[in-house]
Amino acid sequence: MLQDKQINLFKTDCLTLLKQLPDQSIDAIVTDPPYFKVKEDAWDRQWKNEDTFFDWLESIVSELARVLKRNGSLYLFCSSHLQHRTESIIAKHFKVLNHILWVKTFGRHMACHPPALRRYFSQTESIIFAEHRNAIKPDGYVCEAVLQYLQEQWKAAGLKYRDAELVVGSIARHYFSHSQWLMPTREKYLLMQNHVGHDYLKLSYDELLALKQADQYQFDKSKLRCFTPPTKADLVNRSHTNIWTFVPVQYYEGKHSCEKPSAMLDHILLTSTKENDIVLDVFAGSCSTAKACLKLNRKFIGCDLDDRYFIK
Ligand SMILES: C[S@@+](CC[C@H](N)C(=O)[O-])C[C@H]1O[C@@H](n2cnc3c(N)ncnc32)[C@H](O)[C@@H]1O
């Protein structure tokens, strides 16, 4: 099995690794693909033009969608210059939840010569946070007992569902269908009861609420996408908003040109994963994601192609 050990790191191409992973086997993807001609490194200059780069990126994003569990999370880093196109590719395969801006407190913007600029110097990096389009949702959950009761009673009264729209408005279509199911309000339920007469919809509104509660009690919240935002006490270190200000990694001999700060990866893992969850990074680089997994007791699967990041 690919995820037998806690850290499963391979020197291989991202697509080669992805093709070996089963459908819906990963809890969270935290990955930082090449940016296309932002860095001098050869790995960032492999494509003739933007279009070929984005064709390649899309082939990866569609594999990421295949391997991510239905309640999983995706965090994908991208440089500010092509973030709009990257986000639109992700949006084809996922539901984008946030566009996170990592505002770098220090970096090259401090050393540049402003009078020589022809546009504003970018002080940010973007992180696209997304989930599956069909992610398991609490409000996507249909309260089967109430739904069936409403359907049966309305039909038994010889009425069509669209008749309910004449009584309470277009909202009624949500009372009788599995998609976007909604509980009628007390006022709307009373209007429906008055419409069907004494023989149907005999449950009082409070009894209807009790039926809903009894049914909802069985809903397993652990099936939802994991999201544990910082507590109030933690807000000094971790943001609950989409603006992040983690201090970039300072230069040291042998530093990866894009090494991500450990505090930022801790924040991502603490928010969107639980202990023993499986985290994937197919552009591992300096292994910053893997190190955070080791520290926080998550399992890691990842790869990189560059020899420099593997011990010889
Ligand atoms: C932006 S860097 C990731 C840096 C990483 N987030 C870190 O903190 O060190 C992108 C990485 O993708 C790797 N890479 C480029 N093309 C690849 C491919 N086809 N398969 C696997 N890795 C690749 C590069 O070697 C580089 O290390």
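The values are calculated or read from the model by the stated rules, or taken from the named source; none is laboratory data. Please read all numbers here as calculations on a predicted model, not as lab measurements. When we count neighbours, we look across all protein chains shown, and the Cβ atoms used for this are built from the backbone with ideal geometry, even at glycine. We work out accessible area using only protein heavy atoms, side chains counted, and drop any ligands, DNA or RNA first. Shrake-Rupley method; radii C 1.70, N 1.55, O 1.52, S 1.80 Å.
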Would you confirm whether any residue within the range 225-232 is within 16 Å of the ligand (Cβ to nearest atom) and either free of Cβ contacts under 8 Å to residues at least 12 places away in the same chain or touching a Gly at 6+ places or on another chain (Cβ under 7 Å) (or both)? no
Quick one: in the range 292-312, which of the residues that are in contact with a Phe, Trp or Tyr (Cβ under 9 Å, 6 or more places away or on another chain) and closer than 26 Å to ASN237 by Cα is nearest to the ligand (Cβ to nearest atom)? ALA292
Output the residues belonging to the range 136-152 that are modelled with pLDDT of 90 or more and open to solvent by 40 Å² or more (accessible area, probe 1.4 Å). GLN148, GLN151, GLU152
Taking THR228 as meeting all but one of (1) modelled with pLDDT under 90; (2) within 20 Å of the chain's Cα centre (by Cα), write down the number of the exception. (1)
The residue that is farthest from the chain's Cα centre (by Cα), considering only those in the range 83-114 that are farther than 26 Å from LEU64 by Cβ and among the small types (Gly, Ala, Ser), is ALA111
Can you pull out every residue in the range 274-290 that is more than 9 Å from the ligand (Cβ to nearest atom) and either part of a helix (DSSP H, G or I) or crowded, with 24+ Cβ neighbours inside 10 Å (or both)? VAL279, LEU280, ALA290
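Each row is one residue, and each column tells you yes or no for (1) open to solvent by 40 Å² or more (accessible area, probe 1.4 Å); (2) outside the structural domain of THR86 (by TED's automatic domain parsing); (3) within 29 Å of the chain's Cα centre (by Cα).
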{"site": "ALA116", "(1), (2), (3)": "yes, no, no"}
{"site": "ARG133", "(1), (2), (3)": "yes, no, yes"}
{"site": "LEU182", "(1), (2), (3)": "yes, yes, yes"}
{"site": "HIS198", "(1), (2), (3)": "yes, yes, no"}
Looking across the range 238-257 at residues that are charged (D, E, K, R) and out of contact with any His (no Cβ under 6 Å at 6 or more places or on another chain), the single one that is least open to solvent (accessible area, probe 1.4 Å) is LYS255
Only one of (1) open to solvent by 20 Å² or more (accessible area, probe 1.4 Å); (2) modelled with pLDDT of 95 or more; (3) more than 16 Å from the ligand (Cβ to nearest atom) fails for LEU235. Which number is that? (2)
Selected residue (only one of ILE301, ILE268 is in contact (Cβ under 8 Å) with a residue 24 or more places away in the chain, in the same structural domain as ILE29 (by TED's automatic domain parsing) and part of a strand (DSSP E or B)): ILE301
So, TYR189, is that one outside the structural domain of ALA263 (by TED's automatic domain parsing) and of a type outside the set (A, V, I, L, M) or not? yes
Outside any loop (DSSP other than H, G, I, E, B) and touching a residue at least 12 places away in the same chain (Cβ under 8 Å): is that true of CYS293 in this structure? yes
Return yes or no: is TRP43 touching a Pro at 6+ places or on another chain (Cβ under 7 Å) and under 26 Å from THR124 (Cα atoms)? yes
